[in-house]
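Notes follow the structure.
The values are calculated or read from the model by the stated rules, or taken from the named source; none is laboratory data. Since the structure is predicted, the reported quantities are computational estimates derived from the model, not experimental observations. Cβ atoms come from the backbone with ideal geometry, glycine included; neighbour counts cover every protein chain shown. For accessibility, only protein heavy atoms count, side chains too; no ligands or nucleic acids. Shrake-Rupley method; radii C 1.70, N 1.55, O 1.52, S 1.80 Å.
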Amino acid sequence: MNILLAGVGGQGTVLASRLLAQCGLDKGLRAHTAETIGMAQRGGSVVSHVRIGEDMFSPLIPKGTADIIIGFEPAEAVRCFDYLKPGGAVVVSSRPIRPTTAILSGSAYDGGAMLDFLKSSAGRLVVVDGERLAEETGSMRSLNLALLGAAAGSALGFTTDDIAGAMAKLMAPRHIEANMTALRLGFESVKNS
Amino acid sequence: MAQSLLMGNQAIALGALRAGVGLCSGYPGTPSTEVLETISKNRRGIYVEWSVNEKAALEVAAGAAYTGTRTLVTMKQVGLNVASDPLMSLGYIGVKGGMVVLVADDPGPISSQTEQDTRTFARYAKIPCFDPSSPEEAYEMIGDAFDYSEKYATPVLFRPTTRLCHACASIDTDDFVKQISPEGFKKDPKWVIFPRLSYAAHLNIEKRNPQIGEDFSTYRFNTRTGAGKKGVAAGGVSHAYVKEALKILGGDCRLLKVGTPFPFPETLAYEFLDGLEEVLVIEELDPVIERELVYLCGKKGIRLTVKGKLTGHVQAAGENTVESVVRQLSEFLNIPYEKTAAASLPQLPVRPPVLCAGCPHRASFYAVKQAMKGKKALFSGDIGCYTLGNAQPLDMVDTCLCMGAGITLAQGIRRAEPDTACFAFVGDSTFFASGITGIVNAVYNNTDMILVVLDNSTTAMTGHQPHPGTGRTLMGDAAGKLSIPDILKAIGVKNVQIADPLDLTAAIAAAKKAADDGGVQAIIYKSPCIYVTESEKTADVEPDQCIGCQRCIQELGCPALVTEGGKAAIDKSLCTGCLICAHICPTGAIKGGRRS
């Protein structure tokens with residue numbers, strides 16, 4: 001299974017990819033990830049590659065072979081669309097983050113065209129009102145768990161219980177409660193939509 | 001045995017601990033930083049330090065290795081340039097305890113100034129080099145590197161690349177630790193480099209290195225597999241790309257994997273070449289393996305074609321990818337591969353990295369920019385988060401070369417253009433690493449310049465490491481806290497101003513005064529990185545008062561400033577309440593609020 005996470009530096013893509021890899025390990029599978037660390041983390045585009053299973057060599061997912069793209073931001077999901085396999089699924093937060101460069105140049109990026117593209121091009125699209133979910137949990141920082149919850153409720157091969165098990169291993173106990181709420185809300189948002 | 005998900009850098013650190021390393025030193029630099037941080041977290045009583053720079057780190061490690069202690073020193077590839085003076089000589093002197101110099105290369109480059117290749121440096125320094133191809137392999141190879149270092153009494157290089165350093169893999173680890181009993185430092189003329197000793201050492205090295213190459217021909221991570229008349233040679237992460245590409249293409253060929261590019265395992269390579277018609281070499285950065293194979297063909301009189309970077313069959317710069325290798329192998333092995341047509345994507349917004357919302361560097365740059373408005377001024381930058389001050393709308397980095405260079409470049413420009421006010425911006429960690437000698441140079445030669453120290457109390461870009469000005473060490477101990485203003489005064493800078501950049505009026509006044517006074521001037525803009533102190537505040541925009549002029553956005557480019565219905569608004573998830581935008585707002589519409 002190949003899972004690609006795309007977002008903006010600071011959104012918590014690295015933790016989300018580690019949680020997915022841990023889910024794989026907990027099922028006795030081999031896992032690889034590759035993450036963006038360094039200057040791009042300062043508000044730039046970031047990508048995490050997660051590969052779970054045998055006979056995988058490259059830490060990076062070959063283009064056209066991702067089973068699922070988890071987009072933390074609409075344009076970032078589209079930027080990585082070449083990685084998705086034909087008919088693959090996209091789980092995406094609807095909330096656009098306008099880059100400062102777009103605001104300075106007055107260009108009208110609002111995410112709508114990105115969501116339209118994903119709707120017409122992905123095999124399956126799950127749009128998550130990630131911001132509302134995160135607000136309900138009291139923290140914008142749990143967007144990553146809300147997206148994982150939505151992925152678990154749709155195209156991901158792991159359940160929310162699998163993810164909760166990985167959270168217990170990788171996260172500080174004081175962060176678990178708020179993130180469990182986000183995970184559940186993300187999961188339920190798919191069932192309700 | 002336990003299987004856990006480890007980042008390549010963590011695997012290397014745990015492998016070094018397993019090999020009985022007793023002292024580790026280094027200087028932070030992407031993609032190498034996590035090695036020392038992991039050692040520090042799991043150190044089981046051994047000594048580990050962030051040194052002031054890479055040269056210091058290498059010398060500390062060499063000293064300990066003279067006693068028989070196993071030592072590890074870590075840096076990024078450009079750090080090796082700083083450490084090259086001691087390393088070149090150490091190759092002649094040698095070591096007693098195993099000494100591994102880990103230098104992380106960065107094909108792309110993703111977070112670096114150059115695409116230099118440490119394998120090439122290994123040949124120049126005549127020092128063996130290990131090149132792991134996966135995190136799993138790196139965990140074991142680092143232990144081998146210590147063994148070979150001790151066997152041949154030479155420091156060895158270990159060069160992972162970004163895609164290995166920052167890739168995670170499931171790795172079986174155990175709690176074994178090799179017991180090393182250092183003999184201690186024994187006084188001996190062999191530790192003192194003199195021309196006569198160097199001549200003898202040089203002869204020895206030239207005799208020894210082919211023997212190491214022979215030894216490497218049977219080394220477990222140099223392998224020869226597959227069959228056929230065509231062969232592919234690869235090293236590092238490119239080997240993983242070749243395996244993946246062969247799987248995608250459903251092809252097979254002879255495959256040489258080179259885990260020790262220097263000294264080159266010639267016997268193994270000769271066996272690989274024997275009977276082949278054609279070879280394609282897939283590697284990143286320099287054509288190191290390719291040149292070795294071309295040389296070997298000439299040496300042994302083998303008639304075959306070697307394709308790679310030198311022949312234009314592989315791109316000369318940047319990273320390899322599975323896609324690029326699939327394309328190259330498809331052509332080389334005559335296996336047709338139909339690429340799926342890429343979807344035509346809607347126009348995407350450009351998203352370069354920027355200074356964080358609330359970053360005090362933004363205020364410092366803005367203050368100097370305002371102070372020098374309409375005047376002829378040069379703004380020399382340096383290496384760190386503040387390199388991002390080059391972006392619009394700040395546009396405050398006119399030069400950037402290497403660590404500490406901004407200070408001395410400014411002096412050269414001033415000498416050539418005496419009517420230009422020359423500012424040099426340097427971060428606190430860079431100041432200690434390589435800034436101080438440049439300032440001594442200005443004072444000694446009486447060159448007018450304005451040094452601006454952006455003191456955010458941490459090494460921010462690489463993930464917030466302590467440094468000599470922070471008062472604590474990597475081991476968490478309290479340390480003597482070095483004062484930047486005291487150092488500047490002690491080396492003869494008479495005018496040292498300290499200002500809070502978030503107090504914009506005072507910050508602008510400091511820059512104006514420094515520019516007017518002449519001589520060697522220093523301003524220390526002191527305000528902690530937003531990751532060092534949590535802010536409870538945010539700014540608020542009074543929509544009734546905002547006239548939609550967007551001056552705040554156009555002048556600062558802060559990611560927390562957005563527009564809503566033509567008016568300015570605050571993204572409260574990002575805002576830290578620094579209120580620099582409130583200084584700029586012509587109608588006073590931006591006020592301080594609290595985080596909701």
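The residues of the stretch B:394-513 expose, per residue, 41 Å² of accessible area to a 1.4 Å probe.
Let's test the formula: R0 of 45 Å, r as the Cβ-Cβ distance of residue B:218 and residue B:340. What FRET efficiency results, to the nearest 0.05? The computed FRET efficiency comes out at 0.55. Taking label points 7 Å from Cα along the Cα-to-Cβ direction, residue B:191 and residue B:437 give a separation of 2.4 nm. Can you give the FRET efficiency to the nearest 0.05 for residue B:417 and residue B:491, using r as the Cβ-Cβ distance and R₀ = 25 Å? The formula returns an efficiency of 0.50 here. The residues of the stretch B:537-594 present an accessible area of 45 Å² per residue when probed at 1.4 Å with all protein chains retained. The C-alpha atoms of chain B define a longest principal axis, and helix B:504-517 lies at about 80 degrees to it.
Legend: mean number of C-beta atoms from other chains within 10 angstrom of residue C-beta atoms, peptide A:27-33, equals 4. With 20 Å as the limit, the listed pairs B:369/B:489; A:63/B:339; B:55/B:526; A:27/A:169 have B:369/B:489; B:55/B:526 beyond it between alpha carbons. For the stretch B:537-594, the gyration tensor built on C-alpha atoms gives a rounded shape. Its axis ratio a/c (a ≥ b ≥ c) stays under 1.5. For the stretch A:107-129, heavy-atom accessible area (probe 1.4 Å) falls by no less than 50 Å² from the chain alone to the full protein assembly at A:117. Where only DSSP H runs of four or more residues are counted, chain B gives -10500 deg cm²/dmol as its mean residue ellipticity at 222 nm, each run worth -39500 (n - 2.57). Within the shell of other residues whose beta carbon sits under 12 angstrom from the beta carbon of residue B:330, the net charge comes to -1, with Lys and Arg scored +1 and Asp and Glu -1.
Taking amide hydrogens as placed 1.01 Å from N in the peptide plane, the amide H of residue B:459 sits under 5 Å from those of B:464, B:465, each at least 5 positions away in sequence or on another chain. With the full set of protein chains in place, find how many percent of the accessible area of the stretch A:43-193 is carbon and sulfur; take the probe as 1.4 Å. Here carbon and sulfur together make up 49 percent of the probe-accessible area.
Estimated at 0.36 nm per residue, the fully extended path between residue B:551 and residue B:509 surpasses their Cα-Cα distance by 13.0 nm.
Calculated mean residue ellipticity, 222 nm, chain A: -13000 deg cm²/dmol, from DSSP H runs (n ≥ 4) at -39500 (n - 2.57) each, averaged per residue and rounded to 500. Going down the table (B:178/B:243; B:243/B:300; B:376/B:572; B:537/B:567), which pairs top 26 Å between alpha carbons? Among B:178/B:243; B:243/B:300; B:376/B:572; B:537/B:567, the Cα-Cα distance tops 26 Å for B:178/B:243; B:243/B:300; B:376/B:572.
Residue separation of residue B:500 and residue B:180 scaled by 0.36 nm, minus their Cα-Cα distance, works out to 110.1 nm of gained length. Residues of the stretch B:148-170 whose accessible area, computed with a 1.4 Å probe over protein heavy atoms, drops by at least 50 Å² once all protein chains are present relative to their chain alone are B:163, B:166, B:168, B:170. The angle separating the long axis of helix B:322-332 from the principal Cα axis of greatest extent in chain B is about 40 degrees.
Here the Karplus relation 6.51 cos²θ - 1.76 cosθ + 1.60, evaluated at θ = phi - 60°, turns the backbone of the stretch B:458-468 into coupling constants of 6, 9, 6, 4, 8, x, 6, 8, x, 8, x Hz, with x for every Gly and Pro. Protein heavy-atom accessible surface, 1.4 Å probe, per residue over the stretch A:2-192: 36 Å².
Once C-alpha pairs closer than 8 Å and six or more residues apart are averaged by separation and normalised to the residue number of the stretch B:360-526, the relative contact order reads 24 percent. As a length-normalised measure over Cα pairs under 8 Å and 6 or more apart, the relative contact order of the stretch B:81-210 settles at 35 percent.
When a/c reaches 1.5 or more, the comparison of a/b and b/c decides; with that in mind, is chain B rounded, prolate or oblate per its Cα gyration tensor? Note, shape of chain B comes out prolate. For the stretch B:272-277, backbone phi angles converted through the Karplus equation (6.51, -1.76, 1.60; θ = phi - 60°) give residue-by-residue couplings of 5, 6, 4, x, 7, 9 Hz, Gly and Pro being listed as x.
Taking every residue in B:239-246 and counting other chain Cβ atoms within 10 Å of its Cβ, the average works out to 4. Would you work out if the protein assembly as shown is rounded, prolate or oblate? Take a ≥ b ≥ c from the square roots of the eigenvalues of the alpha-carbon gyration tensor; rounded if a/c is under 1.5, else prolate when a/b is larger than b/c, oblate otherwise. Judged from the Cα gyration tensor, the protein assembly as shown comes out oblate (a/c at least 1.5, b/c at or above a/b).
Distance between the pseudo-spin-label points of residue B:172 and residue A:116 (7 Å out from Cα toward the beta carbon): 5.5 nm. To put it simply, the accessible area of chain B at a 1.4 Å probe is 53 percent carbon and sulfur. Taking amide H as placed 1.01 Å from N in the peptide plane, residue B:24 has its amide H under 5 Å from the amide H of B:47, B:48, B:49, B:72, each at least 5 places away in sequence or on another chain. The 3J(HN,Hα) values that the Karplus relation (6.51, -1.76, 1.60; θ = phi - 60°) gives for the stretch B:489-502 are, in residue order, 5, 5, 9, x, 7, 7, 10, 10, 9, 10, 9, 8, x, 6 Hz. Gly and Pro appear as x. Interface between chains A and B: roughly 4500 Å² of accessible area buried, both sides summed (probe 1.4 Å, protein heavy atoms only).
Relative to the dominant Cα principal axis of chain B, helix B:436-445 is inclined by about 60°. With R₀ set to 35 Å, the beta-carbon distance separating residue A:108 from residue B:114 gives a calculated FRET efficiency near 0.35. Which residues belonging to the stretch B:305-351 lose at least 40 Å² of 1.4 Å-probe accessible area when the assembly is complete, relative to their chain isolated? Hits at the 40 Å² cut-off: B:323, B:345, B:346, B:348, B:349, B:351. Averaging the sequence gap over all C-alpha pairs within less than 8 Å and six or more residues apart, then dividing by the number of residues, gives the stretch B:537-594 a relative contact order of 51 percent.
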